[in-house]
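These notes are about the structure you will find just below.
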Amino acid sequence: MAKGLFPRAWVKKSFYFQARISFVRVKYLFLTWLTVLVGSWVLYVQYSAYTELCRGHECKNAICDKYRKGIIDGSACSSLCDKETLYMSRCLSVLPNNQVYTGSWGDHDGIIRCKLGEVVHLELGEEPEPRREAPVFDKPTRGTSVEKFREMVFNHLKSKLGEQANLASLVGQILSVADGNRDGRVSLPEARSTWALLQMDEVLLGLLLQDRGHTPRLLGYCGDLYMTERVPYGPLYGLSLPWPLVSWVPSSLQRTMDQWFTPSWPRKAKISMGLLELVEDIFHGTYGSFLICDLTAAHFGYTDHHELRLTNARAVVPEDEFRRTMRMLRCETDADCVYGVDCRTSCNLSEKRCREEPVQPNLAKACGALKDYLLRGAPSAMREELERQLYACMALKANAGQMNMEHSLILNNLKALLWKQISHTKDS
């Protein structure tokens, strides 16, 4: 009896084993199919996003078409359109109408930026429309003299920076940049390119700050396409996570990871000195006062010599423009009176209008951004004093009675403390 049951049990077991193998095969086949399906969808979405965001060929074609028609000219036009020695490499764009690429021009590595019109989204069956382009390169008009163009530039700078004693010298500097082929005169196509560039605040402010070495140098331009030096290290500190990971990694872990990817402390001190010097130069500077309205680390980088560079000049705004904007803002609470990310005023509740005076000066915001950066790894002999000075700096108020004096005193003390620590090192 037992002998008769053995084959039946064996057959049952064998059938069960084969059925399990078949189930596993089906399971893995399904998972493989699902992986391929999801992977294909992700690749399609990424490709679609890339083709929409990265339109460098359109940018070059639009610029070179206008250059060949004699509408625009500039120091980079011939290299971009004729010689093809200036070319775009890796796409960095995050907006489809604001093209950003790494680029090469002879021995120079840089960042190329170019404006484009809006992307027109079409529904199935719709006829394609002509691409909408920004209305640029229409000024100055034919027949405009150099003196008239000089006056146009002067009035534009005055509207942006307010009444400044030395605007005439700045106009001269800009006209020198406008003479792209260095023939001693500014042609109408060169003037149109320069005028288009000046409409972009980041270019204007970049020109203002590059003399002091705070922003990447302008290498060349053609129309509103322009190339600046590439800053090799950025952001100021931390690791730039790929966008899919940013929302998944907790902010506390991100801050910890930031501190893992920083230079040695003496080098951090030198980079921090650069930020303090930037703050010093734009506080009642040569062309008026400016506010840094976004002190995000991503807007700063540093060179091989650990010199700070402001890589996004849009973070800086003339104080006159800031005050005009805040005057126009209606408010219910102080939270309504915000410009950019870091520039705030208070709400005048009786008038329901924002006040003009910023709550914090640049220096207080800069010290807040540098606090964790500088205190981590600081020499023990000066850590307590450094922490005390940073907190005193962060407590500065823009509307304090003797703010100018306090500002200068705190800034000088902080710079002296840092310099004392690094003056004897090779990093200085």
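Read through the list (1) farther than 30 Å from Cys54 by Cβ; (2) of a type outside the set (Asp, Glu); (3) out of contact with any Pro (no Cβ under 9 Å at 6 or more places or on another chain); (4) modelled with pLDDT of 85 or more, then give the number of the only condition that Leu92 fails.
Answer for Leu92: the failing condition is (1).
When the stretch 367-400 is examined, which residues are found to be among the polar types (S, T, N, Q), exposed (fewer than 15 other Cβ atoms within 10 Å of the Cβ) and either closer than 16 Å to Asn413 by Cβ or modelled with pLDDT under 90 (or both)?
The one that is among the polar types (S, T, N, Q), exposed (fewer than 15 other Cβ atoms within 10 Å of the Cβ) and either closer than 16 Å to Asn413 by Cβ or modelled with pLDDT under 90 (or both): Asn399.
Please verify whether the stretch 215-238 includes one or more residues that are in a helix (DSSP H, G or I), touching a residue at least 60 places away in the same chain (Cβ under 8 Å) and in contact with a helix residue (DSSP H, G or I) (Cβ under 9 Å, 6 or more places away or on another chain).
No: the stretch 215-238 contains no residue that is in a helix (DSSP H, G or I), touching a residue at least 60 places away in the same chain (Cβ under 8 Å) and in contact with a helix residue (DSSP H, G or I) (Cβ under 9 Å, 6 or more places away or on another chain).
Within the group Leu349, Leu278, Leu329, which residue is modelled with pLDDT of 90 or more, outside the structural domain of Asn166 (by TED's automatic domain parsing), of a type outside the set (Gly, Ala, Ser) and within 20 Å of Glu202 (Cβ to Cβ)?
Residue meeting the stated conditions: Leu278.
Can you tell me how many residues in the stretch 75-118 are assigned to a loop (DSSP other than H, G, I, E, B) and either within 17 Å of the chain's Cα centre (by Cα) or within 14 Å of Thr228 (Cα to Cα) (or both)?
Qualifying residue count, the stretch 75-118: 9.
Among the residues of the stretch 345-389, what is the count of those that are more than 26 Å from the chain's Cα centre (by Cα) and in a helix (DSSP H, G or I)?
10
Counting only residues that are in contact (Cβ under 8 Å) with a residue 40 or more places away in the chain, part of a loop (DSSP other than H, G, I, E, B) and under 17 Å from Val317 (Cα atoms), how many does the stretch 134-171 have?
The qualifying residues number 2.
If a residue has to be over 17 Å from Ile71 (Cα atoms), of a type in the set (Asp, Glu) and part of a loop (DSSP other than H, G, I, E, B) to count, how many in the stretch 179-206 make the cut?
Residues meeting the conditions: 1.
The values are calculated or read from the model by the stated rules, or taken from the named source; none is laboratory data. Since we're looking at a predicted model, the values are computed, not measured. Quick reminder, even Gly has a Cβ in these numbers, built from the backbone with ideal geometry, and neighbours come from all protein chains shown.
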